[in-house]
Amino acid sequence: MPRRRAQGQSPEPVDLRVVSKDDPEAWPLLVAFDLDYTLWDLWIDTHITPPVKRQGSELNRLVDRRGQPIEFYREVPSILAELKRRTIHIAACSRTSAPDLAREALGLLLVPDDGGEPTRAVTYFNTMEIYPGSKLKHFEKVHRKTGIPYDQMLFFDDEHRNFEVEALGVTMQLVPSSGTDRRLYEAGLKLWRKRRGIKVEG
């Protein structure tokens with residue numbers, strides 16, 4: 001069934017302003033990610049049995065008590081590293097009944113930084129709203145904490161119901177069953193730019 005246009009979703013402009021990729025106006029001030037089936041391939045509150053642990057300095061992999069792995073989709077670490085390099089505010093907005101476990105996993109998961117040095121995944125996130133409830137609540141809290149306008153936010157999430165955040169002015173990119181990769185990341189940026197009347201060239 002085709003998705004209806006979310007209430008409050010701004011119409012797409014006809015005339016686009018062309019800017020370079022390195023122009024600050026080509027980037028949202030904040031990029032937010034859901035966790036389950038957006039950054040990793042599981043529901044942390046139903047698929048993972050604590051405790052979780054990392055084997056030595058192994059990158060992008062934890063295991064739970066039963067040996068179930070927790071790992072980001074392959075291209076997620078490089079996406080997070082790019083956003084950090086561009087000093088874009090990164091938020092985690094996750095509706096889960098296991099918030100402490102999700103935070104623990106992010107604190108233990110090591111991923112390669114731009115320089116190749118391992119870094120804890122949690123250090124990429126400037127704001128974390130991880131708890132049960134509507135994503136409207138998550139984004140209202142992010143907005144209050146950061147002061148960043150909703151129309152300067154891009155959100156990646158795998159659930160159709162969370163398009164409700166577009167009523168606030170947030171741009172949401174739906175994540176398919178294959179998870180977040182660079183192609184989807186670029187599609188989300190292109191969508192946000194188009195709604196802002198921006199086209200990137202060069």
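The values are calculated or read from the model by the stated rules, or taken from the named source; none is laboratory data. A quick note: this is a predicted structure, and the numbers were derived from the prediction, not measured. Because the Cβ atoms are built from the backbone with ideal geometry, glycine has one as well, and the counts that use them run over all protein chains shown.
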Filter the range 73-87 for residues that are buried (at least 18 other Cβ atoms within 10 Å of the Cβ) and either closer than 22 Å to N162 by Cα or touching a residue at least 60 places away in the same chain (Cβ under 8 Å) (or both) and give the result.
Y73, V76, I79, L80
Can you find a residue in the range 11-28 that is modelled with pLDDT of 95 or more, outside any loop (DSSP other than H, G, I, E, B) and surrounded by fewer than 15 Cβ atoms within 10 Å (Cβ to Cβ)?
no
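A quick yes/no check of all residues on (1) modelled with pLDDT of 95 or more; (2) in contact with a strand residue (DSSP E or B) (Cβ under 6 Å, 6 or more places away or on another chain); (3) of a type in the set (D, E, K, R):
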site	(1), (2), (3)
P132	yes, no, no
G169	yes, no, no
A187	yes, no, no
R193	yes, no, yes
G202	no, no, no
Can you tell which of Q55, Q7 is surrounded by fewer than 16 Cβ atoms within 10 Å (Cβ to Cβ), modelled with pLDDT under 95, of a type outside the set (F, W, Y) and within 27 Å of G116 (Cβ to Cβ)?
Q55
If the requirement is being more than 30 Å from D23 (Cβ to Cβ), at pLDDT 95 or above and surrounded by 14 or more Cβ atoms within 10 Å (Cβ to Cβ), which of these qualifies: I44, I90?
I44
Number of positions in the range 46-66 that are under 20 Å from D36 (Cβ atoms), part of a loop (DSSP other than H, G, I, E, B) and of a type outside the set (S, T, N, Q):
9
